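Novice: Let me give you the structure first, and then I'll get to my questions.
The values are calculated or read from the model by the stated rules, or taken from the named source; none is laboratory data. Keep in mind that this is a model prediction, so the values were computed, not measured. When we count neighbours, we look across all protein chains shown, and the Cβ atoms used for this are built from the backbone with ideal geometry, even at glycine.
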Ligand SMILES: NC(=O)c1ccc[n+]([C@@H]2O[C@H](COP(=O)([O-])OP(=O)(O)OC[C@H]3O[C@@H](n4cnc5c(N)ncnc54)[C@H](O)[C@@H]3O)[C@@H](O)[C@H]2O)c1
């Protein structure tokens, strides 16, 4: 019960993108940090699904005796869901969690600059895209920062914070304060493609897919070898399905293009799966069927 707060801080948190990451970020913003949270998505169905997910997540917490019905009501009351970026006008801090495509994120940042107050900090949950490059298209490069949450956000303890070349100390301090209100552990990374976590994780996942592509093992065999052989909670192909194969591919493309090293070439099997619409758990099929 101690974990979830009923009071609220004055900060209003905006979240752009109501997918798996945006919904998780919104949950920790409201339920753990006690903030009012405004979620924006271009897709109304995603907004409805996000709303339902938050409600069901609260129900599970109640079943585990970690939340009361009253706290659930408070958590949901602090939420609002919107289709227009202009509805983020009152936000002090916005986290963007749209798909991992530079042009898409760049357009969102252009819209955010118009929609928010000049002092609003704009963070990206990008897995690999340069924060300095995103900052360069805004009017406030000192207030742009990377806030890379891990999936599933309410469960995973870490946030990787990425300081762009022009990010100010004040922006960094505010971001660290927000992360600590969300009860997260922090690692600060340099703004180099992939940062720390995905610079290491994605080539590992890509190599697992390559291992499958070359017929060295089956899906189950590769996952079993790594799960039991290296004592990780899940194998790399399960993890890839869970992250989203489209997201994995986009991250590999950023590493390949921006670091310019052929060792980051996305595995052709990964490209084929994404072309087929087999995106992992979120589409019902990836390396496994869901
Ligand atoms: N999936 C992971 O495990 C993981 C982990 C860490 C970081 N990330 C990063 O988080 C971001 C989001 O990933 P995800 O897995 O939540 O993706 P997702 O596909 O589940 O969700 C993306 C959401 O963004 C919405 N969207 C698209 N265009 C938009 C726009 N112009 N304005 C507002 N919303 C828009 C989509 O409708 C969708 O609901 C990516 O940058 C990804 O790299 C993902």
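Novice: Can you tell which of 272, 231 is out of contact with any strand residue (DSSP E or B) (no Cβ under 9 Å at 6 or more places or on another chain) and at positive phi? Give the derivation first.
Specialist: On the way: 272 fails: at positive phi.
When all the criteria are applied, what remains is 231.
Novice: If only one of 48, 65 is in the same structural domain as residue 134 (by TED's automatic domain parsing) and part of a helix (DSSP H, G or I), which one is it? Step through it out loud before you land on a result.
Specialist: Details: 65 fails: part of a helix (DSSP H, G or I).
On inspection, the qualifying residue turns out to be 48.
Novice: Separate question: Go through segment 268-277 and give me each residue that's surrounded by 18 or more Cβ atoms within 10 Å (Cβ to Cβ) and within 21 Å of the chain's Cα centre (by Cα).
Specialist: Scanning segment 268-277 gives 270, 274.
Novice: Look at residue 27 and say whether it is within 16 Å of residue 153 (Cβ to Cβ), more than 11 Å from the ligand (Cβ to nearest atom) and part of a helix (DSSP H, G or I).
Specialist: Details: within 16 Å of residue 153 (Cβ to Cβ): yes; more than 11 Å from the ligand (Cβ to nearest atom): yes; part of a helix (DSSP H, G or I): yes.
Yes.
Novice: Right, something else. Residues of segment 170-185 being surrounded by fewer than 15 Cβ atoms within 10 Å (Cβ to Cβ) and touching a helix residue (DSSP H, G or I) at 6+ places or on another chain (Cβ under 9 Å), which ones?
Specialist: Listed by number, the residues that qualify are 170, 183, 185.
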